[in-house]
1. Applying the selection to the stretch B:228-238, what residues are open to solvent by less than 40 Å² (accessible area, probe 1.4 Å) and more than 7 Å from chain A (Cβ to nearest Cβ)?
2. I'd like the full set of residues that are within 14 Å of another protein chain (Cβ to nearest Cβ) and either under 24 Å from the mean Cα position of the chain (by Cα) or not hydroxyl-bearing (Ser, Thr, Tyr) (or both), limited to the stretch A:288-313.
3. With respect to B:Ala85, determine if the residue is within 21 Å of B:Arg11 (Cβ to Cβ) and more than 26 Å from the chain's Cα centre (by Cα).
4. Which condition number does B:Leu223 fail, the rest of (1) surrounded by 14 or more Cβ atoms within 10 Å (Cβ to Cβ); (2) at pLDDT below 90; (3) more than 20 Å from the chain's Cα centre (by Cα) being met?
5. Take the stretch A:215-230 and flag every residue that is among the polar types (S, T, N, Q) and either closer than 24 Å to A:Pro165 by Cβ or part of a helix (DSSP H, G or I) (or both).
6. Identify the single condition in (1) at pLDDT 90 or above; (2) open to solvent by less than 30 Å² (accessible area, probe 1.4 Å) that A:Ser212 does not satisfy, given that it satisfies every other one.
7. Return the residue satisfying two criteria in turn: it lies in the stretch A:332-354 and is of a type outside the set (A, V, I, L, M), at pLDDT 90 or above and out of contact with any Leu (no Cβ under 8 Å at 6 or more places or on another chain), and of such residues it is farthest from A:Asn277 (Cα to Cα).
8. Please state which one of B:Ala113, B:Ala123 is open to solvent by 10 Å² or more (accessible area, probe 1.4 Å), under 24 Å from B:Ser172 (Cα atoms), aliphatic (A, V, I, L, M) and in a helix (DSSP H, G or I).
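The values are calculated or read from the model by the stated rules, or taken from the named source; none is laboratory data. This is a predicted model, so every value here is computed, not measured. Heads up, the Cβs are rebuilt from the backbone with ideal geometry, glycines too, and the neighbour counts pull from every protein chain shown. Please note that ligands, DNA and RNA were not included when accessible areas were found on the heavy atoms of the full protein model with its side chains. Shrake-Rupley method; radii C 1.70, N 1.55, O 1.52, S 1.80 Å.
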Protein chains: 2
Amino acid sequence: MAQTNLVTRLRAEVAGAFPAPAAQPTATARTVIIAVSGGADSLCLADAVVAVAPEQNLAPIIAHLNHQLRGEAADADADFVRRFAEACLVPCHIAVVDVAEVAAQTHTSIEVAARQARYAFLAKVAADAGASLVTTAHHADDQAETVLMRLLRGTGIAGLRGMQPCAPWPDSTVQTNLKLLRPLLRTTRAEIERYCQDRNLQPRHDASNDDSTYTRNRIRHELLPYLEQYNPGIRAVLARLADSATHDLEIIDYATQQAWAALAQPTQPHEPRSAENAIRLNRQIWQTLPQGLQRATLRFAVQQLKGEAIDLKYSAVEEARDVLNSSAATGEIALLADVRVDVGAKVFCVRRAG
Amino acid sequence: MAQTNLVTRLRAEVAGAFPAPAAQPTATARTVIIAVSGGADSLCLADAVVAVAPEQNLAPIIAHLNHQLRGEAADADADFVRRFAEACLVPCHIAVVDVAEVAAQTHTSIEVAARQARYAFLAKVAADAGASLVTTAHHADDQAETVLMRLLRGTGIAGLRGMQPCAPWPDSTVQTNLKLLRPLLRTTRAEIERYCQDRNLQPRHDASNDDSTYTRNRIRHELLPYLEQYNPGIRAVLARLADSATHDLEIIDYATQQAWAALAQPTQPHEPRSAENAIRLNRQIWQTLPQGLQRATLRFAVQQLKGEAIDLKYSAVEEARDVLNSSAATGEIALLADVRVDVGAKVFCVRRAG
């Protein structure tokens, strides 16, 4: 069968999502786990990854989790994925988890339990196979939904980035170097369906498109179609917004690092506090920074001391900024219950307290 | 009548929107033009500005343009504003423009013609009075609509900022130092209506809330109420997004300037091209910048040469980046028909061509 333009283009997009292969032709193939439900999205992904595997020096493994949520249909999905993998000559791992039971035991929703079970399963398959890459079939329509959902809930530029094409492993409770690749993030659902037609793939009904959370379901089936009345290209608009937010945040992170390098002062050797518990910053340089960088550097100081700055309130940062910017003021300010700022005339010190 | 909490708070917000008054008690009062339609928004604004004028050392002037779009009702609006100004002991300028006629003559829409006529009138009143400040009554609900309208149309972080509380004069064809202040940009329409009740102001029906463009009208009367089903606080969410985008863009502008200072090289004295027609940049430093700053600095170079970079295409910037980032490549690239880049090993030169 002749390869259509769409098939060629989509495969090139998928190939480009992987880190460039090693230059030596003798290099060991890189194992990549493909999460496959059996629906159109993941079937398209699997077909494309298998097709580009030789040129990208990839060794794909297909992984399927049976959530036991839909009785015989779920068993049939698993059989379908197994036969698809066999036809592709690709190893296949299938596991069964009673998600409803787990949700009841852990007092979480079915959606949360299913997601956790899926990522735990994928991480285990990857670890057993010595793989450092996992791919999922999130696509441009999913991305538009994610951006819109975050917009509605309230977000800044970090949230507007949506899902990342190459992200650290999403379950932070697992210590891992695993990377999550989303090669279809710029491909629309309509293109995926056309790919499946062009390749004569016959996907199963994708249950994961039904059983998602209530809000996402409404956004997919009501809000996005409604917004298309205002702009038929709304999905592409949201995907582009995610792209531009990603690049903007890169600049902001870079600017924060540059500012930090100019601000940070070595801890005085005679000071009793070790560098891990106290950070000395040049107040005069800090005062010259734009508001946003004043906030970002205070937040970064808390991150350095505590590992994260989730509890840091906007109002506490603004109060600290007021004192640090008023030329005469010196003294002590609380950023958090256990993080204080000693304000000197030329230097201020962010430190753990108590 | 006792002053309610809302009246006190809203006036403090309005007072804070003006640049701090000069310290000397003998300083001349600063003239400020208040655009008043007679509707709730602008009546609230005028009442608050007049109230804070003594402490802020302001000399307010009320300005009203009769668009002649609604016959007798429009004349009654003008009378109403004149009487309101008299009661406040504030000078009042009223002018009449046949907006429908202007629109027909200039082949523009009524909305565009009305907006142009309004800004031209306000600029004239300001010039005649020697004023450098004009205030309008745009509020938080207007801001939410603006942000949402831009989101739907497609925008990056610059567009997400929405309207600015203090902006250069919006009509760039007028050479002026006039500033446009929007003191009510964080005040909701509901708060404005309560203010009018608390102050016993009886506004006219605000025609400007009806005659706005079709899209804005639908966003106001259909989309925003619909989105409130997803998040009742959607207007506040959009206003906060505008705020955070404003601060983020400040950081990006600052980072671009810092990068520029590190990149820009003096033009060699023996070179035939003058500095205005050619900009030499350090290629090695440029290569270390994050993608977003590579784009921003190329764009900035074009702005320096041409005054603006509106025609610069994303694809042309990406092609230039490809060449500049590949270590071996030297030669010439076109950014625009009349702007080229000479790529040397360590330095590249953005210059006007032809």
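1. Matches in the stretch B:228-238: B:Gly233, B:Leu238.
2. Listed by number, the residues that qualify are A:Leu289, A:Pro290, A:Gln291, A:Gly292, A:Leu293, A:Gln294, A:Arg295, A:Ala296, A:Thr297, A:Leu298, A:Arg299, A:Phe300.
3. Judged against the criteria, B:Ala85 is a match.
4. Exception for B:Leu223: condition (2).
5. Hits for the stretch A:215-230 are A:Thr215, A:Asn217.
6. (1)
7. As a first pass, look at the stretch A:332-354 and keep what is of a type outside the set (A, V, I, L, M): A:332, A:338, A:340, A:342, A:344, A:346, A:348-349, A:351-352, A:354.
Now narrow it down to the ones that are at pLDDT 90 or above: A:332, A:338, A:340, A:342, A:344, A:346, A:348-349, A:351-352.
After this cut, where a residue has to be out of contact with any Leu (no Cβ under 8 Å at 6 or more places or on another chain) as well, the list is A:332, A:338, A:340, A:342, A:344, A:346.
Numbers: A:Glu332: 16, A:Asp338: 11, A:Arg340: 11, A:Asp342: 13, A:Gly344: 18, A:Lys346: 20 Å.
Among those that are of a type outside the set (A, V, I, L, M), at pLDDT 90 or above and out of contact with any Leu (no Cβ under 8 Å at 6 or more places or on another chain), it is A:Lys346.
8. Criteria check complete, one pass: B:Ala123.
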